[in-house]
1. List, please: which pairs have Cβ atoms under 6 Å, are six or more places apart or on different chains, and start with a residue in the range 336-355 that is in a helix (DSSP H, G or I) and end with one that is basic (Lys, Arg)?
2. Among the residues of the range 270-328, write down those that are crowded, with 22+ Cβ neighbours inside 10 Å and among the acidic types (Asp, Glu).
3. Tell me yes or no: at least one residue of the range 310-325 is out of contact with any strand residue (DSSP E or B) (no Cβ under 9 Å at 6 or more places or on another chain) and not in a helix (DSSP H, G or I).
4. What about Leu473, is it within 25 Å of the chain's Cα centre (by Cα) and surrounded by fewer than 19 Cβ atoms within 10 Å (Cβ to Cβ)?
5. Might you let me know whether the range 148-157 holds any residue that is at pLDDT 90 or above, among the basic types (Lys, Arg) and either surrounded by fewer than 23 Cβ atoms within 10 Å (Cβ to Cβ) or not in a helix (DSSP H, G or I) (or both)?
6. Modelled with pLDDT of 85 or more, in contact with a Gly (Cβ under 9 Å, 6 or more places away or on another chain) and surrounded by 13 or more Cβ atoms within 10 Å (Cβ to Cβ): which single residue out of Phe498, Phe491 fits that description?
7. Considering every residue within the range 303-321, establish whether at least one is touching a residue at least 40 places away in the same chain (Cβ under 8 Å) and farther than 29 Å from Ala537 by Cα.
8. Here is a list: Thr457, Thr471. Which entry is modelled with pLDDT of 90 or more and either of a type in the set (Lys, Arg) or part of a helix (DSSP H, G or I) (or both)?
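The values are calculated or read from the model by the stated rules, or taken from the named source; none is laboratory data. This is a predicted model, so every value here is computed, not measured. Every residue, glycine among them, receives a Cβ derived from its backbone with ideal geometry; neighbour counts consider all protein chains shown.
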Amino acid sequence: MYLLILTLPFLGSIITGLGGRWLGYYGASIFSTSCVLFSLLFSIIAFYEVGLIGTTCYISVSSWISSDTFNVNWGFLFDSLTVTMLVVVTFISSLVHIYSISYMENDPHFPRFMSFLEIFTFFMLILVTADNVIQMFVGWEGVGLASYLLINFWFTRLAANQSAIKALVVNRIGDFGLSLGIFTIFYVFHSVDYLTIFSLTPLMLNHFITFCNFQVHSITAIGIFLFIGAIGKSAQLGLHTWLPDAMEGPTPVSALIHAATMVTAGVFLMIRFSPLIEFSTTVLTVLVIVGSLTAFFASMTGVFQNDLKRVIAYSTCSQLGYMIFSCGMSSYNISLFHLSNHAFFKALLFLGAGSIIHAANDEQDMRRMGSLIKFLPITYSVMLIGSLSLVGFPFLTGFYSKDVILELSHILLYPNLNNIPGAFACWLGTMSAFFTAFYSFRLLFLTFLNNVNSSRTILDKICESSWVILTPLLILSICSILIGYSTKDLFIGLGTDFWKTSILILPKNSNFIESEYLDLFAKWLPFAVSILGIILASLINLMSDRLFLYNYFHKFICFLINKKWYWDIIYNRFMVYPILNFGYSVSFKNLDRGFIELSGPYGFSKWIPSWSILITQIQTGQITHYLYFMIMGLCLFLSHFIWIRF
């Protein structure tokens, strides 16, 4: 049963992709969706057996790589952390599949789209169920490949091509850091299995690596390298530029990437390696600083975006910052709790945005919408629920995890007011809550409540989406209301043993109990700043002509933030253009066309006339001739080797 969770999406992807011509629209819809739904059913059973009953399932399938001390098996580890991720991934993926049946019904390449969705789900399941870092890396790279295929699904659009390539290239930077982390893990522990690594970590507290006559702490180096990989996948500050551009893909793709699969992989990696990261205060400090800066930067940038999907994309980037700096505060269980809660209301927001775009003739600029509440009342209701849950409104799903993270940031700061990471987490996290409330209600005002800015021809065609689209939205709305309350005691309640050995928190780093005794000011502060953001957004949209402060601020500051703090321009000016110029001027013109050609076909061959005739006859330019000489050379080498051996 456990292996069927992974096998079913893979079979569905292969059969839907290769047999889509014969299955057709209805066959591809039914078969692909059924595979993911059955995978969800088995995931729920696994969650009951592993998470609630308390068993741990370890499956070793076969040997994969065996070379001296380097042994890698195909193995699968099902613990509390894994089964929680399985339920989240398969649940969101199932709803996205159902949603896509109606959303993509007019696309001629519908079977290919469903195949890509399933292979995306399959690689994410490989990532979360792996029992060693090599197998995890297979899922890690597979998720990146599937994201490229899905973002570039409409491959005739130049913007989709550029966004897909940008996502792939930026993630390669993070993947390089993760590769260095895997190499360092094997160098230090002589193993790539999770259980071996985590068991030996306490014995390596005084182990150092010598690099260029510098002593580097082994656990700190591994943690930093792993975090570089998480920066790329989870779009933290510095490698975040691919995430907003990923909106060029179809909306169901955006919901799947941002809610349950690709961007959560980096957070999952940090939580999975909690038994290693806990022993390095340097890594924990870096997590807190980078995560809080990401949360603040993305929330502020989202305020000044006008594309409907980009606002929600920057919201995802901001919430990922919360999860990362929660890991830096050694609150891995709370980080995963927020990850699972975030998946429901973020999928709701993206799929709701897709319903708006679908009804508004593919218009995504919020400034060209308005008064859609009269035409799309159900969509407005679900978007309001999703926005309130994102803001952290009391008794909705987001409230039970987001506010706990902010409370813990106060604990990190107030025992020592000179604590720089604590100041970053506390104040930047609180200010991010203000901007989150602001852009969430700005989105609702511009889209649903303000005056109409659309043409009459578009308004005459706007109507509520079909029930195939609305049903996933209603299910996610219920989850955005109830999931946080119903799972809080199980995931982060005092005395819960749900996580068992899948997450390690050292007693000296645990601050959760102290957060229960914070004063009322600290507990009400996130709610107060959220309400302030809602009020300010309402005033600006209702009385924008009378607010001189907003216009003044818009002239001098907003232009900078609207350009995303010029991250893309800085990268292009100081990194991309110099590399391209070097590649053309130095590598191509001077080396390829210069030194190599002058020393080869136009150089040495001309100095030796007797050889030049033979070389020019051999260099015909036909690949079949080159293959002939390569095979002949290989045969001669093998025959010589066999003759010497025997």
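1. Qualifying pairs under 6 Å: Ala353/Lys309.
2. If the condition is that a residue be crowded, with 22+ Cβ neighbours inside 10 Å and among the acidic types (Asp, Glu), then Glu278 is the only one that fits.
3. no
4. No: the conditions fail for Leu473.
5. no
6. Result of the check over Phe498, Phe491: Phe498.
7. Checked the range 303-321: no residue is touching a residue at least 40 places away in the same chain (Cβ under 8 Å) and farther than 29 Å from Ala537 by Cα.
8. Criteria check complete, one pass: Thr471.
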